[in-house]
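Enquirer: Structure provided below as structure tokens; questions to follow.
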Amino acid sequence: MSLESEIKHQALRLGFDAVGITSAELPARYGQFLDRWLGRGFHGEMAYMARAPRRRSDPGQVLPGARSVISLALNYYPGDHGPPPDDHSGRIARYAWGRDYHDLIEHKLTELTDWLRARAPEAQVKSHVDHGPVLERAVAQEAGVGFIGKNTMLITDDFGSWVFLAELITTLEMEADRPQTSQCGSCRLCLDACPTGAIVAPYELDATRCISYLTIELKQAIPEPHRAGIGDWLFGCDVCQEVCPYNTPPTKSDQPWCQEGAGPWLDAERTALMQTDADMAPLASTPLTRPKRAGLARNAQVVLDNQSRGIYRSVLPAGGNDS
């Protein structure tokens, strides 16, 4: 068995759902696209995206001497939201229903890194989840794990876009897999369904309009023009994934951590009234801590204001299963 085959076998044994290998030298078009995206200010308050952009598009700057990148994907789809518990419930994006996925993935990455170093002691290896300076979707597309869709999500063959991504950058020279290319064709369901018009063109996302950015990354007040579009999304958004034909039917994750967090809904009234950080204790070790108490309370108030105006889901995805 080749080293490449051994690595893939080991990654799947550890619980990853897809794995591919590509060169550490990414095509220049990815860095050029990032430059244009930053130049248009589409990153908003995410200043970290503008720090050393060349480092993001060149894994060799992350690990000097890098030759290959192992791209990994993990299915996280936890199921449908189902009906809300009451009329003041706020919807949570599916990736955030469970415990913080970084802990789970980093544990798997450590195991895979240790195995690779034992198998090839001469190799240097550096691992990353999504908080590392790597264009993970570009790497995954080049490694054949999936293709970047018009909604800018990485879409895999078996699990659609309901996946977390991670990488191992290594100095090992390995045979690369065949890259994938977009298979969206003329479909524009995600562009038409986005409640705030964040997908401004195929493959172009203005994050400053995206509900996930507005409810998670933005530190200031949510701009008035986008509040109605948020509907009842209290944290994140899944609309562009829900309408995607490649996500139907979804494959439910067998990872127990998906069911060990806050779940699909939060009480918006209670969340809006949180006064101290102690009120956040039930959400510890979940992705919901990222916007902090003030951010969650702000989001909950927007949801309550929308509900008082009769706005729940601003978009009902075609073929969707949620209520």
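The values are calculated or read from the model by the stated rules, or taken from the named source; none is laboratory data. None of these values were measured; they are calculated from a predicted model. A quick note on method: Cβ atoms are made from the backbone with ideal geometry, for glycine too, and the neighbour counts reach across all protein chains shown.
Enquirer: Inspect all residues belonging to the range 122-140 and state whether any of them is hydrophobic (A, V, I, L, M, F, W, C) and over 17 Å from the mean Cα position of the chain (by Cα). Show your work before the answer.
Expert: At the first step, the residues of the range 122-140 found to be hydrophobic (A, V, I, L, M, F, W, C) are 123, 125, 129, 134-135, 138-140.
Then keep just the ones that are over 17 Å from the mean Cα position of the chain (by Cα); that gives 123, 125.
Looking through the range 122-140, at least one residue is hydrophobic (A, V, I, L, M, F, W, C) and over 17 Å from the mean Cα position of the chain (by Cα).
Enquirer: If we only count strands (runs of 3 or more DSSP E) wholly inside the range 106-184, which ones have 3 or more residues that are within 11 Å of residue 73 (Cβ to Cβ) and β-branched (Val, Ile, Thr)? Explain how you work it out, then say what you get.
Expert: Working: elements: 125-128, 146-148, 154-156, 163-170.
In the range 106-184, there are no strands (runs of 3 or more DSSP E) which contain 3 or more residues that are within 11 Å of residue 73 (Cβ to Cβ) and β-branched (Val, Ile, Thr).
Enquirer: What residue, among those in the range 232-272 that are hydroxyl-bearing (Ser, Thr, Tyr) and exposed (fewer than 15 other Cβ atoms within 10 Å of the Cβ), is farthest from residue 288 (Cα to Cα)?
Expert: Only one residue fits best here, namely 248.
Enquirer: Another question, if that's okay. Within the range 33-84, track down each residue that is among the charged types (D, E, K, R) and assigned to a loop (DSSP other than H, G, I, E, B).
Expert: First pass over the range 33-84, keeping only residues among the charged types (D, E, K, R): 35-36, 40, 45, 51, 54-56, 58, 67, 80.
Those that are among the charged types (D, E, K, R) and assigned to a loop (DSSP other than H, G, I, E, B): 40, 45, 51, 58, 67, 80.
Enquirer: While we're looking at this one, here's another question. Quick check: is even one residue across the range 223-238 within 30 Å of residue 124 (Cβ to Cβ) and assigned to a strand (DSSP E or B)? Break it down stepwise before answering.
Expert: Filtering the range 223-238 down to residues within 30 Å of residue 124 (Cβ to Cβ) leaves none.
No, the range 223-238 contains no residue that is within 30 Å of residue 124 (Cβ to Cβ) and assigned to a strand (DSSP E or B).
Enquirer: Check the range 63-75 and report whether any residue there is surrounded by fewer than 16 Cβ atoms within 10 Å (Cβ to Cβ) and either touching a Phe, Trp or Tyr at 6+ places or on another chain (Cβ under 8 Å) or on the phi > 0 side of the Ramachandran plot (or both). Give the steps one after another, and end with the answer.
Expert: Taking the range 63-75 as the starting set, the residues that turn out to be surrounded by fewer than 16 Cβ atoms within 10 Å (Cβ to Cβ) are 64-65.
Of the ones still in play, those that are also either touching a Phe, Trp or Tyr at 6+ places or on another chain (Cβ under 8 Å) or on the phi > 0 side of the Ramachandran plot (or both) are 65.
Yes, some residue in the range 63-75 is surrounded by fewer than 16 Cβ atoms within 10 Å (Cβ to Cβ) and either touching a Phe, Trp or Tyr at 6+ places or on another chain (Cβ under 8 Å) or on the phi > 0 side of the Ramachandran plot (or both).
Enquirer: Looking only at residues in the range 294-316 that are modelled with pLDDT under 95 and under 10 Å from residue 230 (Cα atoms), which one is farthest from the chain's Cα centre (by Cα)?
Expert: Of everything passing the filter in the range 294-316, 311 is farthest from the chain's Cα centre (by Cα).
Enquirer: Next question. Taking the range 32-68 on its own, how many of its residues are among the small types (Gly, Ala, Ser) and at pLDDT below 95?
Expert: Step one: list which residues in the range 32-68 are among the small types (Gly, Ala, Ser), which gives 39, 41, 44, 47, 50, 52, 57, 60, 65-66, 68.
When the remaining residues are screened for being at pLDDT below 95, the result is 47, 50, 52, 57, 60.
Total meeting the criteria: 5.
Enquirer: Moving on to the next point. Considering only residues that are modelled with pLDDT under 95 and in contact with a Pro (Cβ under 7 Å, 6 or more places away or on another chain), which ones fall in the range 220-251?
Expert: Correct list: empty.
Enquirer: Out of the range 3-22, which residues are in contact with a Lys or Arg (Cβ under 7 Å, 6 or more places away or on another chain) and under 17 Å from residue 135 (Cα atoms)?
Expert: 19
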